[in-house]
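Structure, as structure tokens:
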Amino acid sequence: MTFDRRTFLTLAGSAVAAPAVLRATRANAQEVTLKMHHFLPPVSNGHAKFLKPWADKVAAESSGRIKIDIFPSMQLGGTPPQLFDQARDGVADLVWTLPGNTPGRFTGIEAFELPFVPNKRALVNSLALTDYAEQHLKDEFKEVKPICFWAHDHGLIHANKQVKTMEDLKGLKLRFPTRLAGEALRALGANAIGMPIPQVPESLAQRVIDGCVVPWEVVPSIKVQELVKYHTEIPGSPTLYVATFVLAMNRAKYDALPADLKAVLDKNSGLAAAAMAGKVWDEQAVVVSEMVRKRGNTITVLEEAEAARWRKTTEPVIEGWVKTCKDKGLDGTKLLESARAALAKHEKAA
């Protein structure tokens, strides 16, 4: 067989075109890399025991076609209050953040952050919040694709003096995590100070604050047990406060995924992801509280009668939130009833 110039060019062109066919075939099995951004260090339980295992699970169930690179400690830049907008604007594909970082912006979700509304257990709060979000938060979070909502277990008071009564709180400078937790602490007589969680260790060490209000899970990551010796729990449910969280995805990025990869993310969203997160917080509460006890720190549990005093004293915070809802065109009373009903449902089931 002889080759003229035209035959050679035809065959050469076919050879060059062949890889393009392979690339097109590969495109049908699209691979996606997603950037996840959050504010806690990689040693934190939120990162190590929830976000990374969740990302690994998504990767495995997509046969490696979804890869999630996690950037803890704000490594992509910005500040924690900017995380939600980073997901909205596509600076990050996924963010893990607290709606409470931007006070007053996400009013509906605050029903779960009201004093003496949430459950003591993270699993109950997280599943209840997921149900509630499906009914009431679609419009509030429409700028992103929520993967899941959840709320941690009961928050405690950690301080450099023992707190057994409301009077012990008077003038105590306590870091608060959410707007409503701050209002509750002020109602109880404390000097509530807002600051991002990464600032807490230095502020405790330099006596800028006398203590903080966080759940057990957070304690080791910011060395609270080394900086203060006293920890006060509120008995039973409902509890003094919890903070809500959202794992949110850039909506355009989600919409651009092929249907089978959307299905993988959907399978690992909602109740499934909320339960995964809630269990971590509940398990770590037991582990950390035992560690703190063995260390020799003092853990005080309020007397029931004293807890009732705190509950009564913080009722105006709830009333103020209902009024805020009304000013924004929301039915706060209805939202609160829905939150409490969801909490009661999941407390019985858990």
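The values are calculated or read from the model by the stated rules, or taken from the named source; none is laboratory data. Fair warning: this is a prediction, and the values are worked out from it, not measured in the lab. Neighbour counts are summed over all protein chains in view; Cβ atoms, including those assigned to glycine, are modelled from backbone coordinates with ideal geometry.
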Kindly check whether there is at least one residue in region 136-153 that is under 14 Å from the mean Cα position of the chain (by Cα), in a helix (DSSP H, G or I) and either free of Cβ contacts under 8 Å to residues at least 24 places away in the same chain or more than 20 Å from K328 (Cβ to Cβ) (or both). no
Mind checking which residues of region 310-331 are touching a residue at least 40 places away in the same chain (Cβ under 8 Å) and either over 30 Å from D168 (Cβ atoms) or outside any helix (DSSP H, G or I) (or both)? T314, C325, K328, L330
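With the requirement that a residue be assigned to a loop (DSSP other than H, G, I, E, B), of a type in the set (D, E, K, R) and either buried (at least 19 other Cβ atoms within 10 Å of the Cβ) or touching a residue at least 24 places away in the same chain (Cβ under 8 Å) (or both), what does region 208-253 give you? Steps first, answer last, please.
First pass over region 208-253, keeping only residues assigned to a loop (DSSP other than H, G, I, E, B): 208-210, 219, 223, 228-229, 234-243.
Pick out the ones that are also of a type in the set (D, E, K, R) and you get 210, 223, 229.
If the condition is that a residue be assigned to a loop (DSSP other than H, G, I, E, B), of a type in the set (D, E, K, R) and either buried (at least 19 other Cβ atoms within 10 Å of the Cβ) or touching a residue at least 24 places away in the same chain (Cβ under 8 Å) (or both), then D210, K229 are the ones that fit.
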Note: among A308, A285, just one is surrounded by 19 or more Cβ atoms within 10 Å (Cβ to Cβ) and among the aliphatic types (A, V, I, L, M), namely A285
Give region 121-172 a look and list any residue that's surrounded by fewer than 16 Cβ atoms within 10 Å (Cβ to Cβ), among the polar types (S, T, N, Q) and in contact with a strand residue (DSSP E or B) (Cβ under 7 Å, 6 or more places away or on another chain), or say none. N160, Q162
Only one residue in R175, R186 is without any contact (Cβ under 8 Å) to a residue 60 or more places away in the chain, buried (at least 22 other Cβ atoms within 10 Å of the Cβ) and more than 18 Å from T300 (Cβ to Cβ), so which one is that? R175
Quick one: which residue in A339, A344, A307 is under 30 Å from Q162 (Cα atoms), small (G, A, S), part of a helix (DSSP H, G or I) and not assigned by TED's automatic domain parsing to the domain that holds F71? A307
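Go through region 178-212 and report how many residues are polar (S, T, N, Q) and in contact with a Pro (Cβ under 9 Å, 6 or more places away or on another chain). Don't jump to the end; show me each part of the working.
Narrowing region 178-212 to residues polar (S, T, N, Q): 178, 191, 199, 203, 206.
Those still in the list that are in contact with a Pro (Cβ under 9 Å, 6 or more places away or on another chain) too: 178.
Here the count works out to 1.
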